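The values are calculated or read from the model by the stated rules, or taken from the named source; none is laboratory data. Keep in mind that this is a model prediction, so the values were computed, not measured. With ideal geometry, Cβ positions are generated from the backbone for all residues, glycine too; neighbour counts draw on all protein chains shown. Each accessible area value is taken on the protein alone, full model and side chains, heavy atoms only, with ligands, DNA and RNA left out. Shrake-Rupley method; radii C 1.70, N 1.55, O 1.52, S 1.80 Å.
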Amino acid sequence: MEILNKIQRYREEERRLTWEGTFADYLEIIKKNPQVAQTAHSRVYNMIKDAGIEEVNGKKEYKFFSDQIYGLEESIERLVEEYFHSAAKRLDVRKRVLLLMGPVSGGKSTLVTMLKRGLEQYSRTDNGAVYAIKGCPMHEDPLHLIPHHLREDFYEEYGIRVEGNLSPLNMMRLEKEYGGRIEDVIVERIFFSEDKRTGIGTFSPSDPKSQDIADLTGSIDFSTIAEYGSESDPRAYRFDGELNKANRGLMEFQEMLKCDEKFLWHLLSLTQEGNFKAGRFALISADEMIVAHTNEAEYKSFIANKKNEALHSRIIVMPVPYNLRVSEEERIYQKMIKDSDMGHVHIAPHALRVAAIFTILTRLKESKKQGVDIVKKMRLYDGENVEGFNGQDLEELRNEFQDEGMNGIDPRYVINRISSAIIRKEVTSINALDVLRSIKEGLDQHASISKEDRERYLNFISIARKEYDDIAKKEVQKAFVYSYEESAKTLMDNYLDNVEAYCNKNKLRDPLTGEEMNPDEKLMRSIEEQIGISENAKKAFREEILIRISAYARKGKKFDYNSHERLREAIQKKLFADLKDVVKITTSTKTPDESQLKKVNEVIARLIDEYGYNSVSANELLRYVGSLLNR
Ligand SMILES: Nc1ncnc2c1ncn2[C@@H]1O[C@H](COP(=O)(O)OP(=O)(O)O)[C@@H](O)[C@H]1O
Ligand SMILES: [Mg+2]
């Protein structure tokens, strides 16, 4: 019954937050907390700010977005700073429609939905509270009641700038219901809710011929004209268009560029002048943020059309490209799977990663920079250390193309392919190979992929497959060692002791007997040979490692077995070389003897307990690696 308790608590909370009073009472409230009287744009920004902004490596991370949007940090920073923040300061961008431009399924709708749901919550907090003239269908800002000639005085006293005119309906009500006494007008606290059409709206164009502008700006209510006597009586008008309802908050404009021009002009007048025309009335003031979204092709054809020229300067375009980082892409899939009905399916470790490798490759542009192939670029983008490249190289790569991430495979495609792999397989367990196979089959059915792209994509599938082969081999070999990390560390420490003694022309001391010994040349070479270091190059390699260690020491950083990529590779290969035959024989014999069987069971248990497999996927992995090693 937990849920019923929660529902009840929510209701009680709502009652507690309810407030109603006169305009005079309202002035008391804003005297104490002027933020309450902020503009819609400022409210959006403060909502994001109040959720927390953290600086990570000189980049801003906005908590508001970070638990649902992954890998778009730069686009979000730009969106928040260049639009939301500037608009909150009443800079000129506020007067433009915000247009999110990006490829399909790149998170645009998700972003807008977060803003909407966020505002609904925020309007229930102290800092995000919103008040309106009671009984107004547009929840008009009570400060509009202050006559223009007194607004300068009001600013002196309260420090708040008032924009906009009192709407015709409230003008009439002020006279008829309150006898012109502004201070008596009843004000109430409102709570944004898209369902209740308060402060949040969505407009989506239908057939351009049948769509009525009334959907945006409201319409005359013919049934009441007789009662009020005239079409120009505001009481005979229904202020129930999307622009009316979204006043004070946010309106999402779907498919904006598909819309008829006459709709766009209303929007532009609203953003530009803060008002729009409805029926036979003077202009109606409204304060709301308008967010639209579109894809690149649509935007380009909009721009190319001369007829739209005047509109360009009134739109601010913010790119929302695809995420370009493998690990973040993996998180996107995890989230989408959790939200889908596949939540119960066992997805073997690395399956999503391998899919993500494929996807990111389709989105990257081949760099012209020396020595950077697309796989290295992918790793660098994902924050991995790639020997021979540093942070500056990464910056240069990022700046090489302005429009990277505007095409490629979208996350929904991958999720659909995973879902068909699941249907196909009948067991509720799928692995990386199942996913890659399904992605590949999907490419053949995908009508919108050009022949060239298909070739490229097939190549990326084999790259992803190779990555997986490496991962799979390492995983199994690791699982064969009782404690992989420890063995690797011991071997490396041993190697480093010897290297140090070798370079300093010292002796080592045997830990047991205390006897002095020469550095163990055979051990050092057996490791170095794993990565092809020749007899002639060994001295330079050993010295380089010592230099790296002292550089680490100087910076107070701990040198461990991940600190030098080639050394790590050498250690790993050495460990695996010692193991290879055992793994090979154990994983591939058709008739294992008792001790082999025991080993296999041990490894499977370890894969399940420590590496996240289930028994189906662990057995599949062993069989696959067995076949790889016997090739
Ligand atoms: N960068 C991202 N971070 C988190 N989820 C994402 C991201 N990109 C896409 N998605 C997910 O992909 C799906 C499609 O996104 P959506 O917002 O509908 O895209 P768009 O409106 O751009 O076509 C959603 O489930 C969304 O959560
Ligand atoms: Mg969308």
Practice task
Looking only at segment 249-259, decide whether some residue is touching a strand residue (DSSP E or B) at 6+ places or on another chain (Cβ under 6 Å), open to solvent by less than 10 Å² (accessible area, probe 1.4 Å) and of a type in the set (Gly, Ala, Ser).
Solution key: yes
Within segment 1-15, restricting to residues that are at pLDDT below 90 and closer than 13 Å to Arg124 by Cβ, the one that is surrounded by the fewest Cβ atoms within 10 Å (Cβ to Cβ) is Arg15
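Going through Lys59, Lys31, Lys63, Lys49 one at a time, which residue ends up being in contact (Cβ under 8 Å) with a residue 24 or more places away in the chain, open to solvent by 60 Å² or more (accessible area, probe 1.4 Å) and basic (Lys, Arg)? Break it down into steps so the answer makes sense when it comes.
Working: Lys59 fails: in contact (Cβ under 8 Å) with a residue 24 or more places away in the chain; Lys63 fails: in contact (Cβ under 8 Å) with a residue 24 or more places away in the chain; Lys49 fails: in contact (Cβ under 8 Å) with a residue 24 or more places away in the chain.
Selected residue: Lys31, the only one of Lys59, Lys31, Lys63, Lys49 that is in contact (Cβ under 8 Å) with a residue 24 or more places away in the chain, open to solvent by 60 Å² or more (accessible area, probe 1.4 Å) and basic (Lys, Arg).
Could you tell me which of the residues Arg151, Arg197 is more than 16 Å from ligand 1 (Cβ to nearest atom) and on the phi > 0 side of the Ramachandran plot? It would help to see each step written out before you state the result.
Details: Arg151 fails: on the phi > 0 side of the Ramachandran plot.
Residue meeting the stated conditions: Arg197.
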Taking segment 251-269 and the residues there that are more than 16 Å from ligand 2 (Cβ to nearest atom) and under 30 Å from the mean Cα position of the chain (by Cα), the one that is nearest to Phe191 (Cα to Cα) would be Leu267
From the option list Gly405, Gly371, single residue qualifying as small (Gly, Ala, Ser) and free of Cβ contacts under 8 Å to residues at least 60 places away in the same chain is Gly371
If we ask which residues in segment 396-427 are over 22 Å from Glu455 (Cα atoms) and either within 16 Å of ligand 2 (Cβ to nearest atom) or open to solvent by 80 Å² or more (accessible area, probe 1.4 Å) (or both), their number turns out to be 6
Picked from segment 235-256 (must be under 21 Å from Lys108 (Cα atoms) and of a type outside the set (A, V, I, L, M, F, W, C)), the residue modelled with the lowest pLDDT is Glu255
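Applying the selection to segment 103-124, what residues are away from ligand 1 (no atom under 16 Å from the Cβ), open to solvent by 10 Å² or more (accessible area, probe 1.4 Å) and in contact (Cβ under 8 Å) with a residue 40 or more places away in the chain? Explain how you work it out, then say what you get.
Let us first name the residues in segment 103-124 that are away from ligand 1 (no atom under 16 Å from the Cβ), namely 119-124.
If we keep only those that are open to solvent by 10 Å² or more (accessible area, probe 1.4 Å) too, we end up with 120-122, 124.
Within segment 103-124, Glu120, Tyr122, Arg124 qualify.
Take the residues in segment 380-392 that are open to solvent by 30 Å² or more (accessible area, probe 1.4 Å) and touching a residue at least 12 places away in the same chain (Cβ under 8 Å), then tell me which one is nearest to the chain's Cα centre (by Cα). Let's see the steps before the verdict.
Filtering segment 380-392 for residues open to solvent by 30 Å² or more (accessible area, probe 1.4 Å) gives 383-385, 387-392.
Those still in the list that are touching a residue at least 12 places away in the same chain (Cβ under 8 Å) too: 383, 385, 387-389.
Working: Gly383: 17, Asn385: 23, Glu387: 29, Gly388: 30, Phe389: 27 Å.
Per the criteria, the residue is Gly383.
Considering every residue within segment 304-314, establish whether at least one is open to solvent by 20 Å² or more (accessible area, probe 1.4 Å) and within 16 Å of ligand 1 (Cβ to nearest atom). Walk me through how you get there before you give the answer.
Filtering segment 304-314 down to residues open to solvent by 20 Å² or more (accessible area, probe 1.4 Å) leaves 304-307, 309-310, 312-314.
Narrowing the set further to residues that are within 16 Å of ligand 1 (Cβ to nearest atom) leaves none.
Looking through segment 304-314, none of the residues is open to solvent by 20 Å² or more (accessible area, probe 1.4 Å) and within 16 Å of ligand 1 (Cβ to nearest atom).
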Conditions (1) more than 24 Å from Ala605 (Cβ to Cβ); (2) open to solvent by 20 Å² or more (accessible area, probe 1.4 Å) -> Asn498 fails only (2)
Checked pairs for segment 160-175, first within 20 Å of Leu270 (Cα to Cα) and open to solvent by 40 Å² or more (accessible area, probe 1.4 Å), second of a type in the set (Ser, Thr, Tyr) and modelled with pLDDT under 95, C-beta under 7 Å and 6 or more apart or across chains, list as Asn165/Ser285
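State the number of residues belonging to segment 537-567 that are free of Cβ contacts under 8 Å to residues at least 60 places away in the same chain, part of a helix (DSSP H, G or I) and not small (Gly, Ala, Ser).
First, pick out the residues of segment 537-567 that are free of Cβ contacts under 8 Å to residues at least 60 places away in the same chain: 537-559, 562-564.
If we keep only those that are part of a helix (DSSP H, G or I) too, we end up with 538-554.
Keeping just the survivors that are not small (Gly, Ala, Ser) gives 538-539, 541-549, 552, 554.
Count: 13.
Among the residues of segment 222-241, which ones are in a loop (DSSP other than H, G, I, E, B), crowded, with 16+ Cβ neighbours inside 10 Å and not small (Gly, Ala, Ser)? Walk me through how you get there before you give the answer.
Applying the first criterion (in a loop (DSSP other than H, G, I, E, B)) to segment 222-241 yields 229-233, 239-241.
Narrowing the set further to residues that are crowded, with 16+ Cβ neighbours inside 10 Å leaves 233, 239-241.
Those that are in a loop (DSSP other than H, G, I, E, B), crowded, with 16+ Cβ neighbours inside 10 Å and not small (Gly, Ala, Ser): Asp233, Phe239, Asp240.
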Counting only residues that are over 16 Å from Val97 (Cα atoms) and either of a type in the set (D, E, K, R) or exposed (fewer than 15 other Cβ atoms within 10 Å of the Cβ) (or both), segment 261-301 contains a total of 8
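Taking Ser86, is it over 30 Å from Lys32 (Cβ atoms) and of a type in the set (S, T, N, Q)?
On the way: over 30 Å from Lys32 (Cβ atoms): no; of a type in the set (S, T, N, Q): yes.
Here the answer is no, as Ser86 does not meet what is asked.
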Residue hits (segment 279-300; touching a residue at least 12 places away in the same chain (Cβ under 8 Å) and not in a loop (DSSP other than H, G, I, E, B)) are Ile284, Ser285, Met289, Ile290, Val291, Ala292, His293, Thr294, Glu296, Glu298, Tyr299
Expected single match for within 14 Å of ligand 1 (Cβ to nearest atom) and modelled with pLDDT under 95 among Lys338, Lys369 is Lys338
Taking segment 196-219 and keeping only residues that are β-branched (Val, Ile, Thr) and outside any strand (DSSP E or B), one is left with Ile213, Thr217
### Message
I'd like to check something: does segment 257-278 contain any residue that is within 16 Å of ligand 1 (Cβ to nearest atom), without any contact (Cβ under 8 Å) to a residue 40 or more places away in the chain and in a helix (DSSP H, G or I)?
### Response
no
